[in-house]
Amino acid sequence: MLPLDAVPGVLGGTFHDDDTGGDMVYQVSRVPLAAAVSFAAGVLTSFVGIGGGILIVPMLNSLCGVPLRVAAATSVLMIGVTAVPSLLAHWAQGFLGDFHVAAMTAIGVLMGFQLGLGISPRAQVRSLKLIMAGILVIVAVRYLGWR
């Protein structure tokens, strides 16, 4: 983080940090790395249907200096930008079979989003990072077929 009187630049910003109770200034570093990982996340999203946020959020936070909550918000915005073209492409190829499953999934995601939105401001960033690390381990174990 930078001093409060620092200029965040084009790829930086300021935000209120609930953990410290103060305002924070940050700048994004390693932009080419962020672009490369985002590209890879896009490729993986189209190949295997995982959300790119599982790669982008930890990368922005740990490698590019973006605060966790800002990285998560950036990921959510990108989901909105990329979801529609991905949906249309998969639908056109016949991969979206049962709209009932999609509708139930959407309802579950919306309910979970509301719960997370209510809890997140009170959760410490360290706790959120530990939860994210645990989720990444579980996903890796499941994808690799270990049980």
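Readers should treat all values here as calculations from the given coordinates under stated rules, not as data from a laboratory. Just so we're clear, the structure is a prediction, and the values are computed from it rather than from any experiment. Cβ sites come from the backbone with ideal geometry, for glycine too, and all protein chains shown count toward neighbours.
Here are the numbers for the structure shown:
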{"quantity": "Any hit, region 78-91, residues being hydroxyl-bearing (Ser, Thr, Tyr) and within 23 Å of VAL139 (Cα to Cα)", "calculated": "yes"}
{"quantity": "Selection status of VAL139, among the β-branched types (Val, Ile, Thr) and not in a helix (DSSP H, G or I)", "calculated": "no"}
{"quantity": "Test for PHE95: is it exposed (fewer than 13 other Cβ atoms within 10 Å of the Cβ), among the aromatic types (Phe, Trp, Tyr) and in a loop (DSSP other than H, G, I, E, B)", "calculated": "yes"}
{"quantity": "Test: residue in region 55-62 that is surrounded by fewer than 16 Cβ atoms within 10 Å (Cβ to Cβ) and in contact (Cβ under 8 Å) with a residue 12 or more places away in the chain", "calculated": "no"}
{"quantity": "Criterion (buried (at least 16 other Cβ atoms within 10 Å of the Cβ) and not acidic (Asp, Glu)) met by exactly one of VAL28, VAL76, VAL109", "calculated": "VAL28"}
{"quantity": "Enumeration of residues in region 46-86 that are part of a loop (DSSP other than H, G, I, E, B) and more than 13 Å from VAL28 (Cα to Cα)", "calculated": "GLY49, ILE50, GLY51, GLY52"}
